[in-house]
């Protein structure tokens with residue numbers, strides 16, 4: 001059966017060096033983003049408060065340093081993982097494969113004293129499974145009213161947790177079954193005007209993964225076919241429409257974690273082509289963005305959620321809504337020449353120059369011109385009638401246009417400097433080097449102690 005084959009892969013496969021190197025880079029990125037969110041994302045504070053109420057344990061709350069039980073740490077750190085919308089992405093089938101996975105694995109690894117080799121192997125496997133499941137969907141999950149990223153991430157995180165705990169194939173199947181009992185995310189997340197659940201969404205799959213793996217380890221029996229069964233994942237979330245080849249081809253030899261995109265800007269990946277185009281337009285205008293009469297953002301099917309409804313996206317009420325607005329992020333780039341960690345707070349969202357520019361923007365839905373989820377076209381008309389069209393089919397950070405390693409380290413240093421217990425440049429640089437050279441029997445606890453802000 002399909003699930004049996006996948007579970008044998010999860011329990012037994014060995015990871016090549018190239019994948020381990022890519023996984024270290026993804027771990028660096030994920031940790032930095034979570035450290036920064038420990039102060040920059042007030043939406044995550046209730047999750048930390050709840051985790052602390054659950055008593056003491058062995059797993060660290062990132063950025064602050066308190067120790068709590070593993071499920072609580074996964075919940076609280078998971079709330080940080082997507083809060084800044086600065087984590088990695090898989091452009092080939094839009095998802096965030098490490099957002100739930102890393103907090104789940106960190107929580108378990110510190111509790112169990114796992115080695116770097118075991119941690120990186122589990123992370124590579126979990127990341128790969130999330131990407132494969134995303135690629136295999138022939139019917140969009142949104143068609144059933146679901147919000148895909150946290151649901152998909154729950155299964156990858158559970159696979160990684162099962163591997164880290166050393167579960168055999170049978171117990172891994174049980175863990176995936178238990179994840180199916182918990183994994184959910186309604187599409188209302190993206191329709192509500194005021195909610196911040198979209199920011200903290202990864203708290204739930206991260207905790208679900210830890211819970212599922214621990215219960216499976218304790219002997220809870222799951223389903224024979226949690227993925228392909230009559231009431232399994234694909235029937236429930238994709239109407240039974242899925243591609244077996246996308247799920248299984250290259251299993252154990254091709255690892256999608258080597259093809260991730262890393263973000264230059266802390267906003268939804270779908271905005272990045274428009275940010276890049278806006279920066280290019282700003283440079284062409286010599287910074288004179290005031291000469292712009294109107295802007296049209298040409299979008300495809302996926303990007304429509306980033307421009308509709310227009311009034312909400314032109315004047316977003318929350319930070320996470322602003323990060324999911326092509327209008328707002330492009331205006332930031334044009335007016336200020338940057339989109340940074342501090343571009344989405346209350347003051348930034350009320351900037352009259354930015355809001356004045358978003359009011360001059362409109363969207364054109366044209367999937368033929370923008371056929372992917374990550375490309376974009378910006379059309380500008382100046383006050384003198386001059387017009388420009390800037391097309392960015394593959395935005396910066398795409399595997400074909402990767403961020404240099406040095407830029408990744410600089411991103412980590414900037415993020416770590418924003419932690420609740422902040423790192424100076426030397427401390428952050430030292431931690432980055434430690435992460436990028438993790439190997440063998442080095443205890444992962446050495447990493448989490450540093451990442452907590454306490455040695």
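Summary table below
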quantity	calculated
Flag for residue 275 being surrounded by 18 or more Cβ atoms within 10 Å (Cβ to Cβ), in a helix (DSSP H, G or I), modelled with pLDDT of 95 or more and not assigned by TED's automatic domain parsing to the domain that holds residue 89	yes
Check on residue 113, on the phi > 0 side of the Ramachandran plot, surrounded by fewer than 21 Cβ atoms within 10 Å (Cβ to Cβ) and either over 13 Å from the mean Cα position of the chain (by Cα) or free of Cβ contacts under 8 Å to residues at least 24 places away in the same chain (or both)	yes
The one condition in (1) over 25 Å from the mean Cα position of the chain (by Cα); (2) at negative phi that residue 286 fails to fulfil	(2)
Any hit, segment 302-314, residues being more than 27 Å from residue 125 (Cα to Cα), within 21 Å of the chain's Cα centre (by Cα) and assigned to a loop (DSSP other than H, G, I, E, B)	yes
Test: residue in segment 35-52 that is assigned by TED's automatic domain parsing to the domain that holds residue 150, at pLDDT 95 or above and not in a helix (DSSP H, G or I)	yes
Scope segment 289-301; condition surrounded by fewer than 18 Cβ atoms within 10 Å (Cβ to Cβ) and within 25 Å of the chain's Cα centre (by Cα); matching residues	301
Filter result for residue 173 (under 22 Å from the mean Cα position of the chain (by Cα) and either surrounded by 24 or more Cβ atoms within 10 Å (Cβ to Cβ) or free of Cβ contacts under 8 Å to residues at least 40 places away in the same chain (or both))	no
Candidates 386, 430, 442, 372 - the one that is free of Cβ contacts under 8 Å to residues at least 60 places away in the same chain and either under 24 Å from residue 103 (Cα atoms) or within 19 Å of the chain's Cα centre (by Cα) (or both)	430
Odd one out for residue 105, checked against (1) surrounded by fewer than 24 Cβ atoms within 10 Å (Cβ to Cβ); (2) under 25 Å from residue 12 (Cβ atoms)	(1)
Answer residue from segment 252-264, given it is over 13 Å from the mean Cα position of the chain (by Cα) and outside any helix (DSSP H, G or I) and is surrounded by the most Cβ atoms within 10 Å (Cβ to Cβ) among those	255
Among (1) surrounded by fewer than 24 Cβ atoms within 10 Å (Cβ to Cβ); (2) touching a residue at least 24 places away in the same chain (Cβ under 8 Å); (3) not in a helix (DSSP H, G or I), the one test that residue 86 misses	(1)
The one condition in (1) on the phi < 0 side of the Ramachandran plot; (2) in the same structural domain as residue 105 (by TED's automatic domain parsing); (3) in contact (Cβ under 8 Å) with a residue 12 or more places away in the chain that residue 281 fails to fulfil	(2)
Lone qualifier among 240, 232 - being out of contact with any strand residue (DSSP E or B) (no Cβ under 8 Å at 6 or more places or on another chain), farther than 30 Å from residue 110 by Cα and crowded, with 16+ Cβ neighbours inside 10 Å	232
Any chance residue 97 is in the same structural domain as residue 447 (by TED's automatic domain parsing), buried (at least 24 other Cβ atoms within 10 Å of the Cβ) and assigned to a loop (DSSP other than H, G, I, E, B)	yes
Residue count for segment 330-371, restricted to those that are closer than 19 Å to residue 300 by Cα and in contact with a helix residue (DSSP H, G or I) (Cβ under 8 Å, 6 or more places away or on another chain)	6
Single match in 154, 183 (criterion: at pLDDT 95 or above and within 15 Å of the chain's Cα centre (by Cα))	154
Conditions (1) in contact (Cβ under 8 Å) with a residue 60 or more places away in the chain; (2) under 19 Å from the mean Cα position of the chain (by Cα); number of the one not met by residue 134	(1)
Some residue of segment 21-33 being touching a residue at least 24 places away in the same chain (Cβ under 8 Å) and closer than 19 Å to residue 198 by Cβ	yes
Residue match in segment 190-197 (condition: part of a helix (DSSP H, G or I), modelled with pLDDT under 95 and under 23 Å from residue 324 (Cα atoms))	yes
Yes/no for residue 349 being surrounded by fewer than 17 Cβ atoms within 10 Å (Cβ to Cβ), closer than 18 Å to residue 268 by Cα, under 24 Å from the mean Cα position of the chain (by Cα) and outside the structural domain of residue 418 (by TED's automatic domain parsing)	no
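The values are calculated or read from the model by the stated rules, or taken from the named source; none is laboratory data. What you are looking at is a predicted structure, and each value in this text was computed from that prediction instead of being measured. With ideal geometry, Cβ positions are generated from the backbone for all residues, glycine too; neighbour counts draw on all protein chains shown.
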